[in-house]
Amino acid sequence: MKKVVIIGGGLGGLSAAVTLAQHGVDVQLFEKNSHFGGKLMPVQLGDYYFDFGPNTITMPFVFRHVIEQTGARTEDYITFRKLSVHTKNVYEDKTTFFLSSDRDYMKEQLAVIDRVGALRYDDFLREVERLYRLAKTHFFPRIFRSFFNYMSPSLAFALLNARPLETLHHFFQRYFTNEHVIQAYDRYATYIGSSPYMAPATFAMIAYLEMVDGVYYVDGGNARIAQTFAHLAQKAGAQLHLNRAVKRVVVKNGKVIGVELADGEKVEADVVIMNADLLQAYRELVDPHDRSYERAEPSISAFVMLVGTKETWDDLAHHNVFFSPNYKQEFEHILAGRYSEHPTIYVCAPPFTKEGSSLFVLVNAPPLTKDGRMQVDEQAYKQLVYERLRSYGLNVVPDVERVITPLHIAEQFGAYRGALYGIASNRRRDTFLRPSNACKRIAGLYFVGGTTHPGGGSPMVVISGQNVANHLLGAKLSLPF
Ligand SMILES: Cc1cc2nc3c(=O)[nH]c(=O)nc-3n(C[C@H](O)[C@H](O)[C@H](O)COP(=O)(O)OP(=O)(O)OC[C@H]3O[C@@H](n4cnc5c(N)ncnc54)[C@H](O)[C@@H]3O)c2cc1C
């Protein structure tokens, strides 16, 4: 393999760039935006700093692995901080329930509001750990290059044991009886852009990551992860270009031979790795007639408000969730393409701003309509969100403010219908048969990122980049963590 072109500088593309460049491969990466990190985007509004995108960081060892394979020390670039009590859940009846990776703390809390849950808590953690280990061993380190990869007996064994037929909601009901507690765990479905009433219980492994391994953030902002990847890829010899969009993947006799940039320049390549969202980019850059990927259901999107306030709130945790009274109905509305009038509101209050607060406010939103329209009036919905927060006692008075809607997400990142996590995992087919990382129609074309295997979320897309890079290098697809 002589030359690799990577389309897109999101975490998936950067992860592949670091590993390939480190092994002496000639790598050129083209990113259409003016920052590296894709959806993990730093935003500065006056004195207020925000991370747009991933605010909840789990599996820090995945990011460390990419950094440290270059010989660098993670600590020289970024510091992961573990949050002990990481999430405050608030309900309409004003009760609160906190999430923490401290087992004793959780049991004490559960003993008061969910005695059965307290008694079953050890079993719960044991089971979610089993699910995580199953996925880590059998699902994560694969690219599904050919049909035969699906035939592996170990994969079949793992699939059968991963609770594919049970829903997440049903799974949590096995262990907990308090509706608020179940709702807090049900929310993990949104980490994969899906509904807890449909997504398979396999994803209860997220509870292992949050409740055992822990929730982290990066000092100074999570966007530093992407900046570090970009720096190390360049240091290893990769050429990374910002503000340069790819217009077309050039194919000859069923094999990629390069890409054409928006300004008309042609760049030769033996391999092209597409980090741009496959659902959108395959049609736009590879084959305008092929709409097969668009049959997949996009994950949910988000209505985001970045709000800088002069005020600080001592009673906010790093992550806060103000729950809607009827969670099931909220997901039914989202899946029907409607914005909820009583939305669950997530507020991240990281310690990034010396005076005042940088609040990242997110409401789950339906993806755009198929013809690219947003189903709500931006200004009216923003006021509704402020009003709802006030009803929970949070009177947010913006000093600065920026609203980022599904329309912006679709436009800025090329995300199909503004989906946050590529394909939703509401259907078993979409969960267990995500698009493979190797194009089956065009030789030399590979895919990394949230839409492909193993899935959305910042650690997963980094793993997809590692898998493709290791495959191209002829290395074993093992994940040494
Ligand atoms: C609001 C929000 C909240 C989220 N919260 C979390 C969270 O708390 N935790 C978590 O783990 N994950 C979270 N995620 C999901 C996470 O951000 C994504 O799964 C991950 O960052 C996606 O990385 P990626 O590499 O797949 O794609 P992207 O980050 O989308 O990168 C793709 C890149 O390709 C570029 N591109 C597209 N087309 C072209 C072209 N033609 N030419 C050149 N470049 C192109 C895009 O500009 C983009 O930079 C969140 C996402 C959002 C939007």
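The values are calculated or read from the model by the stated rules, or taken from the named source; none is laboratory data. Given the structure is predicted, the values throughout are model-derived calculations rather than measurements. Glycine also receives a Cβ, built like all others from the backbone with ideal geometry; neighbour counts cover every protein chain displayed. Remember, those area values only see protein heavy atoms, side chains included, never the ligands or the DNA or RNA. Shrake-Rupley method; radii C 1.70, N 1.55, O 1.52, S 1.80 Å.
Here is how the numbers come out for the structure above:
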item: Residue match in the range 415-430 (condition: more than 12 Å from the ligand (Cβ to nearest atom) and closer than 20 Å to GLY9 by Cα); result: yes
item: Residues being assigned to a helix (DSSP H, G or I) and open to solvent by less than 10 Å² (accessible area, probe 1.4 Å) - total across the range 167-200; result: 10
item: Number of the condition not met by ASN275 [criteria: (1) within 12 Å of the ligand (Cβ to nearest atom); (2) more than 18 Å from the chain's Cα centre (by Cα)]; result: (2)
item: Those residues of the range 207-222 which are of a type outside the set (Ser, Thr, Tyr) and either open to solvent by 20 Å² or more (accessible area, probe 1.4 Å) or in contact with a Cys (Cβ under 7 Å, 6 or more places away or on another chain) (or both), in sequence order; result: VAL212, ASP213, ASP219, GLY220
item: Within the range 1-60, strands (runs of 3 or more DSSP E) holding 1 or more residues that are within 13 Å of the chain's Cα centre (by Cα) and of a type outside the set (Gly, Ala, Ser); result: 41-45, 48-52
item: Matching residues, the range 60-115, being modelled with pLDDT of 95 or more, open to solvent by 80 Å² or more (accessible area, probe 1.4 Å) and more than 30 Å from GLN227 (Cα to Cα); result: ARG103, ASP104, GLU108, VAL112, ARG115
item: Subset tally (residues that are open to solvent by 20 Å² or more (accessible area, probe 1.4 Å) and out of contact with any Pro (no Cβ under 8 Å at 6 or more places or on another chain)) for the range 334-345; result: 1
item: Residues located in the range 453-470, provided they are more than 8 Å from the ligand (Cβ to nearest atom) and either part of a loop (DSSP other than H, G, I, E, B) or open to solvent by 10 Å² or more (accessible area, probe 1.4 Å) (or both); result: HIS453, PRO454, GLY455, ASN470
item: Every pair of residues 6+ apart whose Cβ atoms lie under 7 Å, when the first sits in the range 297-323 and is away from the ligand (no atom under 16 Å from the Cβ) while the second is in a loop (DSSP other than H, G, I, E, B) and among the aromatic types (Phe, Trp, Tyr); result: PHE322/TYR392; PHE323/TYR91
item: Members of the range 63-116 that are charged (D, E, K, R) and in a helix (DSSP H, G or I); result: ARG64, GLU68, GLU75, ASP76, ARG103, ASP104, LYS107, GLU108, ARG115
item: Residues of the range 356-415 satisfying the condition of being under 18 Å from VAL307 (Cβ atoms), of a type outside the set (Phe, Trp, Tyr) and in a loop (DSSP other than H, G, I, E, B); result: GLY356, GLY393, LEU394, ASN395, VAL396, VAL397, PRO398, ASP399, THR405
item: Filter result for THR228 (among the β-branched types (Val, Ile, Thr), touching a residue at least 12 places away in the same chain (Cβ under 8 Å) and open to solvent by 30 Å² or more (accessible area, probe 1.4 Å)); result: no
item: Selection from the range 141-166 of residues that are outside any loop (DSSP other than H, G, I, E, B) and either modelled with pLDDT of 75 or more or open to solvent by less than 40 Å² (accessible area, probe 1.4 Å) (or both); result: SER154, LEU155, ALA156, PHE157, ALA158, LEU159, LEU160
item: Positions within the range 386-403 being of a type in the set (Val, Ile, Thr) and either in contact with a Gly (Cβ under 6 Å, 6 or more places away or on another chain) or surrounded by 20 or more Cβ atoms within 10 Å (Cβ to Cβ) (or both), in sequence order; result: VAL400
item: Candidates GLY38, GLY46, GLY53, GLY9 - the one that is more than 16 Å from the ligand (Cβ to nearest atom) and either in contact with a strand residue (DSSP E or B) (Cβ under 9 Å, 6 or more places away or on another chain) or not acidic (Asp, Glu) (or both); result: GLY46
